[in-house]
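Below are the structure tokens for one structure; questions will follow.
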Amino acid sequence: MNNTNWHIMIYSGTADSIVNFVQTETIVNSMGRPLKINEYRAWNYPDVYYPKSTQLGGFYLTFDRIIWATVRNSGHMVPQYNPPAALELFQSFLTTGGPGRM
């Protein structure tokens, strides 16, 4: 990763019993990338029934070129368990480089 300028996002569902989000965070931390912001931050997505409001999508950590995000109430297949949150997560990463709406 040191030879590229790629930015990547790694995400996990908080209800994933196959690949636990704590285990994923441990793996990301073991990559040795420096943290940009040393605190968890929340990300949101539009409420399905009332789009002017938002729902808590999860939390994320920002490393130098890696974002590690959780998706609240999602299992192993995040887009299947929580399609609105997954769509916001992907679209916002592609357009702004961050997860969801802050």
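The values are calculated or read from the model by the stated rules, or taken from the named source; none is laboratory data. Computed from a prediction, not measured in an experiment: that's the story for all the values here. Cβ: placed from backbone, ideal geometry, glycine included. Neighbour counts: every protein chain shown. We work out accessible area using only protein heavy atoms, side chains counted, and drop any ligands, DNA or RNA first. Shrake-Rupley method; radii C 1.70, N 1.55, O 1.52, S 1.80 Å.
Helices (runs of 4 or more DSSP H) wholly in region 9-102 with at least 3 residues that are open to solvent by 80 Å² or more (accessible area, probe 1.4 Å) and without any contact (Cβ under 8 Å) to a residue 60 or more places away in the chain - which ones?
Those helices (runs of 4 or more DSSP H) span 21-29, 83-96.
Here's the yes/no breakdown for (1) modelled with pLDDT under 95; (2) out of contact with any helix residue (DSSP H, G or I) (no Cβ under 6 Å at 6 or more places or on another chain); (3) closer than 17 Å to Q23 by Cβ:
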{"residue": "Y45", "(1), (2), (3)": "yes, no, no"}
{"residue": "Y49", "(1), (2), (3)": "yes, yes, no"}
{"residue": "T54", "(1), (2), (3)": "yes, yes, no"}
{"residue": "I66", "(1), (2), (3)": "yes, yes, yes"}
{"residue": "H76", "(1), (2), (3)": "yes, yes, yes"}
